[in-house]
Amino acid sequence: MGLCPTPVYSATPAGNLYGTTSRGGASEFGTVFKLDTNDKESVLYSFGGSPDGAFPFSGLVQDNAGSLYGTTDQGGASGAGAVFKLDTAGTGTVLHSFAGSPDGSDPQAGLVLDAAGHLYGVTAQGGSTIYGTVFKLDTAGTETVLHSFVAGSDGLESYAGLVRDAAGNLYGTTMNGGNPELDDGYGNGMVFKIDKPAKKRCSTSLEGRRMGHFPALAWSATMLAIFTARRPLVVGAGAEQYSRSTQAARRPCCTPWQERMGFTPMAV
């Protein structure tokens, strides 16, 4: 059995629910569980810390084959967290172990899965600085950092998950940053957008075109809004409903980050 279940669950057409617990299990590092239509709970996987990960604080995403994907805040090969896959046979696989720099550390939010099988997520810390990242993990298990937060007006510490629009752009929030003049230099958080590159362009050189070379196009980050006061907020509807603020809950055994007083921007 697990302990301290996360508040996000994945449901299948058959009515089964899948989720994680941040504690408990065989090694006390958390579990992945299933709740069937008869309200019977079964532990599908117990985390062991290293190398498979420890303390999953977020929900899961499921692909068309029934495999589940998620993150752990700690554990993995370097102790900085991991992205994992759990197949329908209950076999767990570490797709990526975070090292801190430059790929990020402490992923505490869930993942977004696109139609091609690519996974997107955020880390609360690490990256080219220490303030967190937005990352992509392709089907080969290669991680790409789409954006490293640098604090100040750029934001820092993204603890909530991303949402993805029909064009492939990503939206999320940071707990701090946005306006460093507020809240003793930390800021009250911000809403950001990561724009997907429009398309690949052929190399401008004759040799590049002949060899089939394409210049790499970068994802770009845009600040959409900053929080100027710590009060609840819901913005937009549908694809635009990507941010809200909510008071930090007091859950001593389950809280995924050091508890801060006041309101914290989170993604819907």
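The values are calculated or read from the model by the stated rules, or taken from the named source; none is laboratory data. Not measured: the values here are computed from a predicted model. Cβ sites come from the backbone with ideal geometry, for glycine too, and all protein chains shown count toward neighbours.
Quick one: Gly49 ticks every box in (1) farther than 18 Å from Tyr159 by Cβ; (2) touching an Asp or Glu at 6+ places or on another chain (Cβ under 6 Å); (3) not charged (D, E, K, R) bar one, so which box is it?
Tallying (1) farther than 18 Å from Tyr159 by Cβ; (2) touching an Asp or Glu at 6+ places or on another chain (Cβ under 6 Å); (3) not charged (D, E, K, R), Gly49 fails exactly one: (2).
Out of all the residues in the range 197-215, is one or more under 24 Å from Val83 (Cβ atoms) and at pLDDT 80 or above?
Within the range 197-215, one or more residues are under 24 Å from Val83 (Cβ atoms) and at pLDDT 80 or above.
Being at pLDDT below 95, farther than 29 Å from Val134 by Cβ and of a type in the set (Gly, Ala, Ser) is true for just one of Gly66, Gly49, Gly90. Which residue is that?
Gly90
Mind checking which residues of the range 114-132 are at pLDDT 95 or above and of a type in the set (Val, Ile, Thr)?
Result: Val122, Thr123.
Considering only the range 109-138, state which residues are assigned to a loop (DSSP other than H, G, I, E, B) and in contact with a strand residue (DSSP E or B) (Cβ under 9 Å, 6 or more places away or on another chain).
Those that are assigned to a loop (DSSP other than H, G, I, E, B) and in contact with a strand residue (DSSP E or B) (Cβ under 9 Å, 6 or more places away or on another chain): Ala109, Gly110, Leu111, Asp114, His118, Ala124, Gly127, Ser128, Thr129, Ile130, Gly132, Asp138.
Return a yes/no flag: does the range 120-140 have any residue that is among the aliphatic types (A, V, I, L, M) and over 27 Å from Tyr45 (Cβ atoms).
Yes, the range 120-140 has at least one match.
If only one of Arg164, Arg230 is modelled with pLDDT under 75, among the charged types (D, E, K, R), surrounded by 14 or more Cβ atoms within 10 Å (Cβ to Cβ) and within 26 Å of Thr6 (Cα to Cα), which one is it?
It is Arg230.
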